[in-house]
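Visitor: The structure that follows is given in the form of structure tokens.
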Amino acid sequence: MENVQYAEELVREFLVFRGFTNTLQAYEAELSTEIGRNFEVDKILDLVFSVYIPKYQLDRLLSIFSFLKQCFTSPADTVLYTALLKLEQSVLRYYVVNALKSGRQEKVVEFFSASGSYLMQKREDWIAWFAIPYIKNPSLDPQFRMYFSKEWSDTLVLSFRNFLSGIFNGTRIPALLKISTEKNMIKCLKSDIKQLNNKLSELQALLEVKEVELSLLRRSGNSIDSGHKNLLKITTAGSSADGQASSGVYEESSTSSIQGVDSHTLSSVKSRDEKLCDSSWMSNAENEQILVTEEDFPEVKVDFQAITVP
């Protein structure tokens, strides 16, 4: 009901905004009749059979069928549209029968005068009914006797109830009535979004705290790793220095030994050369005193062996 009232206020606001004063007056007048009755079947039936027909409100009776045709059926929907036309025809006949039972023949004449052209449009079954106001006892006439029985009127009310129940249960809610529902839904969604944003802010703050803690842990871990690396560098440097010192001592000892061997070898070669020179000098001196031929002495060759320095 709240949605209906909200939709009605929206329609009023729009009509006033556009300046549709005549439409607004007609709208207010139709609201007083409550056509549709919020799709409540019992209230619509009560409106038709307890208000419109007993009070001879023909215009409103026709308007409710026009409302049903426009909102719930169409010529394209053959089954529903045909059923609604048959119901409309039966209800209008009930209107005539009720007027005759009440002795209001003038209302019947008024009915045919106002709706004669409408009834004759593809409604050949109404031709005989134009004579009913002039029949003295139409309830005894074989052609109209059935319509004056209680069984027929009860069947009509039941059929109308079933039809309305069928179309209202299968119909969709008008878009205008959804505005209030969607408004409340949007309000709830905004509230949920606000709560989620607050929760998100809390989680972001918690995440920042955790990131700071993680950064501190990483820094402490890096300092420990750097200490281990420095210690390893110091140890490696000490080992390298010891190795270089040992290699220096070894190189010095090797050089000194090589130098000692070279000096000894050179001195030996020198003393040997000196001896050979002395012997050749003595031979020359003897040659001056004694004539000696080369044939008397075999040739003496001096081989010099090369000395290799290890």
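The values are calculated or read from the model by the stated rules, or taken from the named source; none is laboratory data. Here the structure is a predicted model, which means the values were calculated and not measured. Cβ placement follows ideal geometry from the backbone for every residue including glycine, while neighbour counts extend to all protein chains displayed. Only protein heavy atoms, including side chains, enter the accessible area calculation; ligands, DNA and RNA are left aside. Shrake-Rupley method; radii C 1.70, N 1.55, O 1.52, S 1.80 Å.
Visitor: Net charge around Ile132, counting only other residues with Cβ within less than 14 Å of its Cβ (Lys, Arg = +1; Asp, Glu = -1)?
Guide: Here the charged neighbours net out to +2.
Visitor: Using a 1.4 angstrom probe, figure out how much accessible area the range 175-219 has per residue, in square angstrom, rounded to the nearest whole.
Guide: Per residue, the range 175-219 has 93 Å² of solvent-accessible surface.
Visitor: Could I ask something else about it? Return the distance in nm (one decimal) between the two label points of a simple spin-label model at Arg161 and Val11, each offset 7 Å from Cα along Cα→Cβ.
Guide: 2.8 nm
Visitor: Given a cut-off of 23 Å, name the pairs among Lys55/Lys150; Lys69/Lys107; Lys43/Lys183; Lys101/Lys150; Lys43/Lys150; Lys43/Lys107 whose C-alpha atoms lie farther apart than that in the structure shown.
Guide: Check vs 23 Å cut-off fails for Lys69/Lys107; Lys43/Lys183; Lys43/Lys107.
Visitor: Keeping all protein chains in position, work out how much accessible area Asp125 exposes to a 1.4 Å probe, and write it in Å² to the nearest 10.
Guide: 100 Å²
Visitor: Could you give the length gained by full extension between Lys178 and Ser63, i.e. 0.36 nm per residue of separation minus their alpha carbon distance, to one decimal place?
Guide: Extending this stretch completely gives an extra 38.9 nm.
Visitor: Placing +1 on the Cβ of each Lys and Arg and -1 on the Cβ of each Asp and Glu in the range 39-172, which of Ser149, Phe168, Val41 has its Cα farthest towards the positive end of the resulting dipole?
Guide: Going by the Cα projections, it comes out as Ser149.
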